[in-house]
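Undergrad: Take this structure, written in structure tokens, and hold onto it; I'll ask about it next.
The values are calculated or read from the model by the stated rules, or taken from the named source; none is laboratory data. Because the structure is a prediction, the values reported are computed rather than measured. Cβ sites come from the backbone with ideal geometry, for glycine too, and all protein chains shown count toward neighbours.
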Amino acid sequence: MTEREVDDRAVVVEFRSSFAIIRFNRPVERNPLSITTLEELERAVCALLARTDITAIIFAGAGDVFASGANIRELLTLTPTLAKEFSRRGQRLFEKIANVPQLTIAAINGYCMGGALDLALACDVRCASPRAVFAHPGARLGIITGWGGTQRLPRLIGAARALEMFTTARRVSSHEALEIGLVSKVGEPVIDCAIEMAKARPASIIF
């Protein structure tokens, strides 16, 4: 595969020892979780979950964005039937991520919005750079996330805080995220933080 072909992929996979890094690779577009991205993400996850030599899967974003959630322009073109299937597809994929045998870590390097936050919530643990920003902006668009965040976020930070995030679309800084338990660690570079967390977790633990 040529360098150009790698650059054109919405998702790229890197390896560091026994850790796999799945990186969203559309920084100019702010790494949207488009239909194409979801398809490539599912292929990457399915290929890794069967590998016994991989002990941790780390999700990260290229550039200064983790991921910006679903592609709104795509959503506007969906029929009600296709929109329902798109929602179910994300639910199935994120449930698969939540149940992989390896440790999963979201290494959040910047904006983590909407469906991207749902993805981070499906991981076992989350770490963030000091510049990371979290939000569920759907309230401003008259929509609500459909990829499992409405169930996972209250369990993680409490119902009251989760309801506030859903209804106000307020942005949460990395340091506030650490205070409320949304992330476990803040540090830079965030990939190194994620790798440290992976190394600290006993390999015998199965999630």
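Undergrad: Specify the residue that is nearest to residue 131 (Cα to Cα); the eligible residues are those in the stretch 153-176 that are in contact with a helix residue (DSSP H, G or I) (Cβ under 6 Å, 6 or more places away or on another chain) and at pLDDT below 95.
TA: 169
Undergrad: Moving to a separate point now. Of all residues being within 15 Å of the chain's Cα centre (by Cα) and free of Cβ contacts under 8 Å to residues at least 40 places away in the same chain in the stretch 33-61, which is nearest to residue 100 (Cα to Cα)? Just the residue, please.
TA: By that ranking, first place goes to 44.
Undergrad: Pull out all pairs, ordered by first then second residue, where Cβ-Cβ is under 9 Å, the residues are six or more apart or on different chains, the first lies in the stretch 187-207 and is surrounded by 13 or more Cβ atoms within 10 Å (Cβ to Cβ) and at pLDDT 75 or above, and the second is aliphatic (A, V, I, L, M) and in a loop (DSSP other than H, G, I, E, B).
TA: 190/132
Undergrad: Go through (1) among the aliphatic types (A, V, I, L, M); (2) farther than 22 Å from residue 108 by Cβ; (3) in contact with an Asp or Glu (Cβ under 9 Å, 6 or more places away or on another chain) and name the single condition residue 20 misses.
TA: Of everything listed in (1) among the aliphatic types (A, V, I, L, M); (2) farther than 22 Å from residue 108 by Cβ; (3) in contact with an Asp or Glu (Cβ under 9 Å, 6 or more places away or on another chain), residue 20 misses just condition (2).
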